[in-house]
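Below: the structure, in structure tokens.
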Amino acid sequence: MRSQKRPYPGSIEEAVAALVSYLPLKEKAAIARMDEDGLLELNLSLGLYVRDRLGLWSENKKLLDECLSRFPGPGKEVYKDAATAVIIKALWQKLRETHSLRIV
């Protein structure tokens, strides 16, 4: 039963924090180095994990609704993919702030 596990994140920010805690450092750094065009490929490779781990298949309606409210334009008919894209873009933006290599 799901009640024995940690609850699903209820917001995009919580979802990003959960993903940051799950991903190994090497993966976080690789995502931070990607350009925005690489997000489509990331959505394909990481998307299934995101949908499963964050309950987007059916159980986490609160997060799904928040993601869809931020999804630009048409395309909501593929709502789980759209929600995943919103979360992955937010993850990428966060990792670019926290895990990018900087010249010191």
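A few notes on this one:
- Residues that are modelled with pLDDT of 90 or more, open to solvent by less than 100 Å² (accessible area, probe 1.4 Å), closer than 17 Å to T98 by Cα and in contact with a His (Cβ under 9 Å, 6 or more places away or on another chain) do not occur anywhere in segment 5-17.
- Scanning segment 34-47 for residues that are surrounded by 13 or more Cβ atoms within 10 Å (Cβ to Cβ) and either of a type outside the set (G, A, S) or outside any helix (DSSP H, G or I) (or both) gives M34, L39, L42, N43, L46.
- Pairs with Cβ under 6 Å, 6+ apart, first in segment 86-104 and farther than 13 Å from D35 by Cβ and acidic (D, E), second at pLDDT 95 or above and open to solvent by 50 Å² or more (accessible area, probe 1.4 Å): none
- Subset of segment 72-103 that is open to solvent by 50 Å² or more (accessible area, probe 1.4 Å) and either under 8 Å from the mean Cα position of the chain (by Cα) or among the aromatic types (F, W, Y) (or both) - its residue that is modelled with the highest pLDDT: K89
The values are calculated or read from the model by the stated rules, or taken from the named source; none is laboratory data. In this text, all values refer to a predicted model and were calculated from it rather than measured experimentally. Positions of Cβ are backbone-derived with ideal geometry, glycine not excepted, and every protein chain shown enters the neighbour counts. To get the accessible areas, we keep the full protein, side chains included, count just its heavy atoms, and leave off ligands, DNA and RNA. Shrake-Rupley method; radii C 1.70, N 1.55, O 1.52, S 1.80 Å.
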